[in-house]
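Worksheet for the structure shown next.
The values are calculated or read from the model by the stated rules, or taken from the named source; none is laboratory data. These figures come from a predicted structure and were not determined experimentally. FYI the Cβ positions are ideal-geometry reconstructions off the backbone, even for glycines, and counts take in every protein chain you see. All accessible areas refer to the heavy atoms of the entire protein, side chains included, with ligands and DNA or RNA removed. Shrake-Rupley method; radii C 1.70, N 1.55, O 1.52, S 1.80 Å.
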Amino acid sequence: MEFLPLFHNLRGARVLVVGGGEIALRKSRLLADSGAVLRVVAPEIGAEVRELIERSGGEQILRGYTESDLNGCVLIIAATDDEPLNAQVSADARQRGVPVNVVDAPALCSVIFPAIVDRSPLVIAVSSGGDAPVLARLIRAKLETWIPPTYGHLAGLAARFRHQVKGLFPNVQQRRAFWEDVFQGPIADRQLAGQGAEAERLLRAKIDGEAPPTTGEVYLVGAGPGDPDLLTFRALRLMQQADVVLYDRLVAPAILDLCRRDADRVYVGKQRADHALPQDQINQQLVNLAKQGKRVVRLKGGDPFIFGRGGEEIEELAAHGIPFQVVPGITAASGCAAYAGIPLTHRDHAQSVRFVTGHLKNGSTDLPWKDLVSPSQTLVLYMGLIGLPVICEQLIRHGRSADTPAALIQQGTTVNQRVFTGTLANLPQLVAEHEVHAPTLVIVGEVVKLREKLAWFEGAQASV
Ligand code: SAH
């Protein structure tokens, strides 16, 4: 190990920065954030650096560097583009035994800046010892996506109760078990979901020796239209901690594979006329599993609240007092439109967009046609394949032009995406000709023409 990672408490300590330009600015920002008092020496100092100096209660010295500038400083940063000067600063600091960092010159450093993931008070530092800073930054980016921003609040919660818990369990083992439980269970869930007060209440109850709540929790998660890359951070995190996953046909296998390996997977349908489980039984199963103390992910294609019956499922959960979270997902309209190169609204062509289901509860396709024929409104039809001939015919009959451009997008956002464009008049024919199957989204409106204008090509964006 070339460098030993240590975390430096700089609050109120004086730090010398030699240089007043861009590089000095980046370092000064970090130093000011950590509470250091800045002393910056350079013949010229940029406005932003001057602001930081002022904020830190420090001083600016507008001239060239001299050795005595080191006096009283606990850390030295050489941030100029003058290599001999940087080397001189490094040598002087080492002579005095004060830690020194020279930007972009690891050989001249006794300390180096890591890439940082800041979830204060939780801070993660990644370093390649100066050999491959880009690699360190890429790893940092991965960590950033993996650790939700609210993690810091979790550490804050632990900090507030640390002493009390220490008093309760003098034994280190017991203490460790206590905190492991907190960080991996419902208390952490609440805190990460932004329900700090409830997390604190549960933690107090745990400290008071109350039995933990035996009820699990249900996460209604929007899995997006198919491309796993379109999942949200929260969806992925909850998928990786759930004990059971209930999913339906619209959820792509590649997405299911991102769930915790040892989670139970339960298939609950649905295909038209092939409901593996009727909706009320799905609702009941969610309730039962949660009552057994399980953390249940209910994975839904797209967004749970858009033609996803998410509302019905949470109604049932609420009626039984079961805690739940709803995680929005990218709905098929947004996903398919983006991947097919069709902007849903456009200042010149469509001032509104309407999501419509082509499949009503009673099996008919009886829509409020008069509201759907305005030429400046984009229509997005979900579940519209079966009723398509009727839909096209009725739209034309009620006044939408037969020439209105329209698109069929099958399995949008996946590698199997297929897009066919035509008009309201010939859309049903296209379905038959190309053997278009569900899941397919239908987009009707002038905006469909923009796909050609944008010279969109198939697979332009699909990443799986
Ligand atoms: N909650 C989902 C919609 C469920 S209704 C969402 O927000 O996207 C099911 C209908 O959605 C399908 O019949 C189809 O019209 C549409 N759909 C869902 N995923 C799709 C995809 N990847 N490509 C095309 N259409 C899709």
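Some values worked out for this structure:
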item	result
Subset of segment 358-382 that is closer than 16 Å to Pro439 by Cβ and at pLDDT 95 or above - its residue that is surrounded by the most Cβ atoms within 10 Å (Cβ to Cβ)	Leu381
Unique match (being open to solvent by less than 10 Å² (accessible area, probe 1.4 Å) and free of Cβ contacts under 8 Å to residues at least 40 places away in the same chain) among Ala205, Ala188	Ala188
Which listed residue is of a type in the set (S, T, N, Q) and more than 30 Å from Val287 (Cβ to Cβ), from Gln325, Gln394	Gln394
Condition broken by Leu154, with the remaining ones in (1) open to solvent by less than 60 Å² (accessible area, probe 1.4 Å); (2) under 15 Å from Val327 (Cα atoms); (3) free of Cβ contacts under 8 Å to residues at least 60 places away in the same chain satisfied	(2)
Enumeration of residues in segment 115-156 that are in a strand (DSSP E or B) and among the aliphatic types (A, V, I, L, M)	Ala115, Ile116, Val117, Leu122, Val123, Ile124, Ala125, Val126
Filter result for Ile342 (part of a loop (DSSP other than H, G, I, E, B), within 16 Å of the ligand (Cβ to nearest atom) and open to solvent by less than 60 Å² (accessible area, probe 1.4 Å))	yes
Members of segment 74-93 found to be more than 15 Å from Val15 (Cα to Cα) and surrounded by 14 or more Cβ atoms within 10 Å (Cβ to Cβ), listed by number	Thr80, Asp82, Leu85, Asn86, Ala87, Gln88
Residue among Ala136, Ala47, Ala87, Ala141 that is free of Cβ contacts under 8 Å to residues at least 40 places away in the same chain and either under 13 Å from Val18 (Cα atoms) or among the charged types (D, E, K, R) (or both)	Ala87
First in segment 297-320 and outside the structural domain of Gln241 (by TED's automatic domain parsing) and open to solvent by less than 70 Å² (accessible area, probe 1.4 Å), second anywhere and in a loop (DSSP other than H, G, I, E, B) and at pLDDT 90 or above, Cβ under 6 Å, 6 or more apart	none
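Here is a yes/no grid of residues against (1) more than 15 Å from the ligand (Cβ to nearest atom); (2) not β-branched (Val, Ile, Thr):
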{"residue": "Lys294", "(1), (2)": "yes, yes"}
{"residue": "Arg298", "(1), (2)": "no, yes"}
{"residue": "Gly308", "(1), (2)": "no, yes"}
{"residue": "Gly321", "(1), (2)": "yes, yes"}
{"residue": "Pro328", "(1), (2)": "no, yes"}
{"residue": "Ala332", "(1), (2)": "no, yes"}
{"residue": "Cys336", "(1), (2)": "no, yes"}
{"residue": "His349", "(1), (2)": "yes, yes"}
{"residue": "Val356", "(1), (2)": "no, no"}
